[in-house]
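K.L.:
Quick one: structure below, then a few questions.
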Amino acid sequence: MNEEQRKQQERTVEETLSADKKSSQAKDYSQYFQMTYQPPSLSTAKKRGKEDVFVHYDFEIPDAMKGIGKGKKFLIRTYGCQMNEHDSENMAGILLEMGFESTSHQDDADVILLNTCAIRENAENKVFGEIGNLKVMKRDNPGLVVGVCGCMSQEESVVNRILQKHPHVDLIFGTHNIHRLPELIQNALFSKEMIVEVWSKEGDIIENMPRARKGQFQGWVNIMYGCDKFCTYCIVPFTRGKERSRRPEDVIEEVRHLARNGYQEITLLGQNVNAYGKDLVDTEYRLADLLDAIRTIGISRVRFTTSHPWDFEDELIDVIAKGGNMMEHIHLPVQSGNNEVLKIMNRKYTREEYVELAKQIRYKIPHATLTTDIIVGYPNETEEQFQDTLTLVEEMAFDAAYTYVYSAREGTPAAAMEDNVPQTVKKERLQRLNEVVNRLSNESNQRMLGQVVEVLVEGESKKNPDVLMGRTRTNKLVNFTGSASMIGKLIHVEITDAKSWSLNGTVVQQVEVT
Ligand code: SAH
Ligand code: SF4
Ligand code: F3S
């Protein structure tokens, strides 16, 4: 179906539904729908057009669709990054407005959505395993709607594999058409055919989708969508479209709203938040300006992720250095310590530039933690090139690092390269890297022994429900004994024990939050 046909279909549905607006009963609208088959295209997703991005404030679920979920339950399983977590909150918001209830038990669910991640092959394997498991459930409960969405849906190979091997999937939709969920779900409930609607070109920004936030005192705030960096190994620019920033006033209003509702911590989200504002044609407003504005809002903690070293401007360091509600933690993915590898990765900075930036950050924000992401085993990476990564990690003394073995993603330039590094060598490099990373994390944590730090209490510790866990301003995990009434509050904890991945402490006092 082309764009015009799709718009025509939307118009037909809208007319039909508005004629029947008074009814909130679930009805069979299937006769009005042309079954959607709009599969993804990576080559379309790669293109970057100059078209304007429009911002919509008029999202509405037609009244007639609001009753569709009555008596039915949904479950959304989320894989991947915070962006996906946040998208799932939007989907949950839409489904709740349609009358569905949320459940965490898959046996109770009438709709199961898998919000997927395509970043590495093992992420995709997990999802295909789950799709396989759902086949049995679907046999016992043919009325169950199984949907696949998120980044994997944007890949042609994934959609083809589902079409060929997993006909029990009822619905596939992508990252750009989440706002179409009411129609798509209705379609899926009443149709026997698989519905595939994946837009490969990003759409406009939809501001007012309903949202069911998971956190009661910690919230995600999207500041931009998409990525234009095209690192040669990465699928994200294909699955998330071009960089599109939200209007500053919309972001600020959302943060104010969260502050009014008692939120203690927000995390500003984007694939590359430092590029914030660069696509807004009528303003010079950048991330540093946005942070400076958010600094004055009564919210205790502000974080952001992820930063790309390329766009990291001095103004940004300066605004974080002002302290207050700006947290002293910077996640700055480096990927490799070797300049040739950085070049073929298309990272657009050198090892020396990265080191200089990190030095600036540490000079201006002395207590900041610096964390990173690293890929080992990029095609044809030599032992010497890998050694450069090891020496960079030692030199930077990262407080923590997420480390990955390179995974070829179909459609990316790196996937087309021949690769002479055996998988066993890649795995061995990962192990060697992890030894260094873990030792440095441990040393960083040991330095905190005896310090009294501010912690936001997040909940019970995963390992022991009698113990509470929270995070320091620098994003370090702390476990301590306390009462459940502390959850959601800022307290002071003295660090008594340090391990590689967490700290233990004793509560000193509760901080007065203004
Ligand atoms: N936008 C963020 C990263 C998002 S993906 C940034 O640029 O910093 C998170 C991490 O996954 C990346 O930093 C990278 O280290 C890793 N990653 C991305 N693609 C990968 C691939 N094909 N194989 C292995 N790791 C990958
Ligand atoms: Fe991927 Fe690079 Fe964009 Fe990060 S900046 S999402 S690694 S292409
Ligand atoms: Fe995965 Fe998509 Fe996020 S590929 S890491 S869920 S942007």
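The values are calculated or read from the model by the stated rules, or taken from the named source; none is laboratory data. Everything numeric here is computed off the predicted structure, so don't read it as measured data. Cβ placement follows ideal geometry from the backbone for every residue including glycine, while neighbour counts extend to all protein chains displayed. The accessibility values were calculated without ligands, DNA or RNA, using every heavy atom of the protein model including side chains. Shrake-Rupley method; radii C 1.70, N 1.55, O 1.52, S 1.80 Å.
K.L.:
State whether the stretch 452-510 is rounded, prolate or oblate according to the following rule on the C-alpha gyration tensor (a ≥ b ≥ c being the square roots of its eigenvalues): a/c under 1.5 gives rounded; otherwise a/b larger than b/c gives prolate, and the remaining case gives oblate.
P.N.:
Taking the square roots of the gyration eigenvalues as a ≥ b ≥ c, the stretch 452-510 is rounded.
K.L.:
Check which residues have an amide H placed less than 5 Å from M224's amide H, if you skip close sequence neighbours.
P.N.:
Those lying under 5 Å, H to H, from M224 are R246, L269.
K.L.:
In whole Å, largest first, what are the principal axis extents of the Cα atoms in the stretch 279-400?
P.N.:
The Cα atoms of the stretch 279-400 stretch 50, 35, 19 Å along the principal axes, largest first.
K.L.:
Could you work out the helix-only [θ] at 222 nm for the chain, with each DSSP H run of four or more residues adding -39,500 (n - 2.57) and the total divided by the number of residues, to the nearest 500 deg cm²/dmol?
P.N.:
Estimated from H runs of four or more residues: -10500 deg cm²/dmol.
K.L.:
Please work out the Cα center distance from the stretch 117-138 to the stretch 444-514, rounded to the nearest Å.
P.N.:
Centre-to-centre (Cα) distance: 35 Å.
K.L.:
Could you name the lysines whose alpha carbon sits less than 27 Å from that of K138, not counting residues in the same chain fewer than 8 places away?
P.N.:
Qualifying lysines at Cα under 27 Å: K27, K66, K70, K72, K73, K126, K165, K192.
K.L.:
Over all distinct alpha-carbon pairs, what is the Kirkwood Rh of the stretch 216-445 in angstrom?
P.N.:
Its Kirkwood hydrodynamic radius stands at 18.7 Å.
K.L.:
For an R0 of 30 angstrom, estimate the FRET efficiency from the Cβ-Cβ distance between K126 and Q431 and round to the nearest 0.05.
P.N.:
0.85
K.L.:
For the stretch 210-293, evaluate the Debye formula with one uniform point scatterer on each Cα (no solvent term) and list log10 I(q)/I(0) at q = 0.16 Å⁻¹, rounded to two decimals.
P.N.:
-0.67
K.L.:
Here is a further query. Any idea how far apart S157 and K70 come out in nm if each label point goes 7 Å out from Cα toward Cβ?
P.N.:
4.6 nm
K.L.:
How much of the DSSP beta bridge set in the chain is antiparallel, as a percent to the nearest 5?
P.N.:
Bridges in the chain are about 35 percent antiparallel.
K.L.:
Separate question: Per 0.36 nm of contour for each residue apart, how much would the distance between K499 and N208 grow if the chain were fully extended, relative to their Cα-Cα spacing?
P.N.:
Answer, rounded to one decimal: 100.4 nm.
K.L.:
Oh, and also: List the residues, sorted by chain then number, that are 5 or more residues from S102 or on another chain and whose placed amide H is less than 5 Å from its amide H.
P.N.:
Counting only residues 5 or more places away or on other chains, the set is F74.
K.L.:
Now, a different point. With each label point set 7 Å from Cα along the Cα-Cβ vector, what nm distance links A397 and D419?
P.N.:
That separation, rounded to one decimal, is 3.4 nm.
K.L.:
Arrange the peptides 40-47, 261-268, 153-160 so that the one whose residues have, on average, the most other Cβ atoms within 10 Å appears first.
P.N.:
So the order, starting with the most tightly packed, is 153-160, 261-268, 40-47.
K.L.:
Return the Rg/Rh value of the stretch 158-225, two decimal places, where both radii are evaluated on C-alpha atoms and Rh is the Kirkwood radius.
P.N.:
Dividing the radius of gyration by the Kirkwood radius yields 1.04.
K.L.:
How would you order 132-138, 296-302, 79-85 from highest to lowest mean count of nearby Cβ atoms within 10 Å?
P.N.:
79-85, 296-302, 132-138
K.L.:
Right, something else. Whenever you get a sec, compute what percent of the accessible area on the chain sits on carbon and sulfur atoms (1.4 Å probe).
P.N.:
So the carbon and sulfur contribution to the accessible surface is 48 percent.
K.L.:
Along the Cα→Cβ direction, 7 angstrom out, place labels at Y57 and D466. What is the inter-label distance in nm?
P.N.:
It works out to 5.4 nm between the two label points.
K.L.:
Straight-line reach from K50: which lysines have Cα under 20 Å away, leaving out those fewer than 8 places along the same chain?
P.N.:
Answer for K50, where 20 Å is the Cα cut-off: K201, K229, K242, K278, listed by chain and number.
K.L.:
If Lys and Arg each add +1 and Asp and Glu each add -1, what is the summed charge of the other residues whose beta carbon sits under 12 Å from the beta carbon of F54?
P.N.:
-4
K.L.:
In terms of modelled amide H atoms, which long-range or inter-chain residues lie less than 5 Å from the amide H of H331?
P.N.:
The answer is S307, T371.
K.L.:
Around G482, under 12 Å between beta carbons, what's the net of Lys plus Arg minus Asp minus Glu among the other residues?
P.N.:
That works out to -2.
K.L.:
For the chain, what ratio Rg/Rh do Cα atoms give with a Kirkwood hydrodynamic radius?
P.N.:
My calculation of the ratio gives 0.97.
K.L.:
Strictly under 4.7 angstrom between C-beta atoms: which cysteines of the chain have no such partner?
P.N.:
Among the cysteines of the chain, those whose Cβ sits 4.7 Å or more from every other are C81, C117, C149, C151, C227.
K.L.:
With every protein chain left in place, what is the accessible area per residue of the chain in square angstrom, probe 1.4 Å?
P.N.:
Roughly 44 Å² per residue, with all protein chains present.
K.L.:
Give the residue list of trypsin sites (Lys or Arg not before Pro) in the stretch 451-514 that are DSSP loop and have at most 12 other beta-carbon atoms within 10 angstrom.
P.N.:
Answer in residue order: K462, K463.
K.L.:
Sticking with this structure for a sec: Above 25 angstrom, tally the Cα pairs of the stretch 44-178 and express them as a % of all pairs, no decimals.
P.N.:
30 percent
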